[in-house]
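To start, the structure under review is shown below, and the notes come after it.
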Amino acid sequence: MNEERIVIRRAGPLHGEVAIPGAKNSVLKLMAAGLLADGCFTLTNVPDIADVTIMADLLNAIGLRSERLDPHTLRMVNDGSIIPVAPYELVERIRASINVLGPLLGRFGCVSLSLPGGDDFGSRPIDMHLSGLQAMGATFEMRHGVVEASVSTPDSRLHGAEIVLDFPSVGATENILTAAVHAKGTTVIDHAAREPEIADLCNFLVEMGAEIEGVGSSRLVIHGVEPGTLHATDHRVVTDRIQAATYLAAVAVSGGEVVLRGARAEHMEMLLRRLADMGVTVLPVGDGGGESGDGLAVWASGRLRSIDFATLPYPGIATDYKPLLVTMLTVADGVGIVTENLYPGRFRYVEELQRLGADIRADGHHAVVRGVSRLSGAPVRAPDIRAGAALVVAGLAADGETSLTDVHHIDRGYDDLVGRLTALGADIERVDSA
Ligand code: UD1
């Protein structure tokens with residue numbers, strides 16, 4: 001099979017409006033949380049991305065059926081015929097498959113789950129997921145790559161516990177949270193991750209009838225409810241701050257003036273501050289009634305200025321923004337020092353940027369980026385979702401033609417990146433690799 005590639009040529013300033021889709025890192029977790037209650041759920045603002053289809057296949061195998069009513073609306077039907085077994089062939093395709101652990105263990109008291117795959121960067125252990133659930137009464141056995149989890153109380157229910165995470169892990173917070181909604185008593189998660197996608201999951205659970213205090217904070221207090229009392233609900237997926245950041249970066253390197261409909265400034269405060277330091281102006285637009293109105297307007301012209309930055313858990317600069325910021329630094333005036341605090345192996349796309357003429361030295365957790373005045377187009381490969389999108393942005397800043405392969409990575413997390421950039425005036429197309 002010939003996979004498509006993306007061909008990008010430098011095209012000058014971008015103009016117009018782009019609608020920012022719902023967040024991959026929220027919708028996948030909301031889908032898994034559909035295991036918690038019987039009934040019919042409708043999710044809107046669902047991104048049209050491959051990972052939603054992969055997650056739907058996994059949940060379908062477990063017994064939660066779903067169909068897209070349109071590209072951005074997903075109906076899920078939980079008719080109570082759930083089998084708490086997640087098969088390897090499906091689990092290995094997506095990291096977020098680990099998110100079925102909490103709902104299944106909390107509701108059914110047992111689950112058999114192969115260890116997850118997904119983006120292949122660095123090692124991604126799940127020790128904090130398991131120790132949190134152990135504190136709530138779960139036991140785990142690891143056999144041939146399969147985690148067999150159970151709760152050995154007479155009613156197979158977990159109990160509340162006070163859990164302090166060593167690190168605010170997104171996945172561990174989500175799994176403990178979705179297990180705790182059905183636990184006997186109160187669970188406290190201290191040092192919890194507080195990404196907007198976790199607040200979205202909390203809001204969804206509350207709409208289902210869960211009792212959660214501290215939504216959006218680093219201390220979540222969950223009062224468990226009796227199994228069978230949660231109900232299905234409808235929910236609009238929070239806007240994707242990472243996809244929004246991708247269009248911000250595209251304007252930053254190309255120049256221009258673009259409105260990002262639906263983007264929420266309050267979810268990207270630190271990033272917007274650093275973009276301002278680089279010379280990119282971003283302001284809220286409209287008064288559409290949402291917390292930040294109708295979206296964000298971005299302007300950029302002239303050369304960017306270099307900055308130093310470090311990735312940190314929310315509200316710090318997200319590790320998922322890093323390839324975009326590094327790409328911006330490759331054409332900025334000056335030298336930028338980048339520190340990765342979450343994933344040591346996450347600089348692999350640097351070699352691809354170097355093929356485009358970038359001057360970057362990466363070592364362990366650090367990279368030094370010396371801005372050059374122009375990148376020059378070349379064949380490159382997308383190593384993962386975010387790095388793939390960053391290479392598209394780099395292509396917009398490169399003279400000549402950049403041809404990007406392995407674009408299936410981008411399709412996992414981006415809803416029509418090429419179409420959206422084309423509408424803004426970029427010279428970009430998908431072509432057959434043949
Ligand atoms: C989620 C996001 C991913 C993002 C990351 C950090 C999804 C599907 N993925 O991944 O895009 O880059 O948050 O913002 O939402 N860790 C442990 N033990 C654990 C759990 C995590 O050591 O039990 C480590 C990880 O190896 C990593 C760090 O903690 O170094 C962050 O992991 P975590 O916050 O859990 O990220 P994910 O939920 O995997």
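The values are calculated or read from the model by the stated rules, or taken from the named source; none is laboratory data. Everything numeric in this text was worked out from a predicted model, so none of it was measured. Glycine gets a Cβ as well: all are built from the backbone with ideal geometry, and neighbour counts include every protein chain shown. Keep in mind that these areas ignore ligands, DNA and RNA; they rest on the heavy atoms of the full protein, side chains included. Shrake-Rupley method; radii C 1.70, N 1.55, O 1.52, S 1.80 Å.
Annotations for the structure displayed:
- Among 386-395, 130-139, 159-168, the peptide with the highest mean count of other Cβ atoms within 10 Å heads the list, and the full ranking is 386-395, 130-139, 159-168.
- Each principal axis of the chain carries a Cα extent, and these read 68, 47, 43 Å when sorted largest first.
- If the segment from Glu213 to Gln134 were pulled out straight at 0.36 nm per residue, it would be longer than the present Cα-Cα gap by 26.2 nm.
- Over 27 Å [Cα-Cα, the stretch 228-379], rounded percent: 27
- Rounded if a/c under 1.5, otherwise prolate or oblate - the stretch 24-236, Cα gyration tensor axes: rounded
- Relative contact order (%) - the chain, alpha-carbon pairs under 8 angstrom, separation at least six: 21
- Dipole of the stretch 24-236, positive end: most advanced residue of Ile126, Thr153, Val188 [Cβ charges, Cα centre]: Thr153
- Mean ellipticity per residue at 222 nm, deg cm²/dmol - from DSSP H runs of n ≥ 4 across the chain, formula -39500 (n - 2.57): -8500 deg cm²/dmol
- Portion, in percent, of the accessible area of the chain that falls on carbon or sulfur, probe 1.4 Å: 49
- Cα-based values for the stretch 152-215, radius of gyration first and Dmax second, are 11.7, 37 Å.
- Accessible area (Å², per residue) of the stretch 28-69, counting only protein heavy atoms and a probe of 1.4 Å: 27
- Equivalent ellipsoid semi-axes - Cα gyration tensor, the stretch 1-105, angstrom: 31, 17, 12
- Rounded Å value of the spacing that divides the Cα centres of the stretch 49-87 and the stretch 164-219: 22
- Legend: calculated FRET efficiency, Thr339 to Glu162, from the Cβ-Cβ distance at R0 = 35 Å, rounded to 0.05, equals 0.60.
- Angle in degrees between helix 241-254 and the longest Cα principal axis of the chain, rounded to the nearest 10: 0
- Local net charge near Pro168, Cβ-Cβ under 10 Å (Lys/Arg +1, Asp/Glu -1): -2
- Peptides ranked, highest mean first, by Cβ atoms within 10 Å: ranges 30-36, 352-358: 30-36, 352-358
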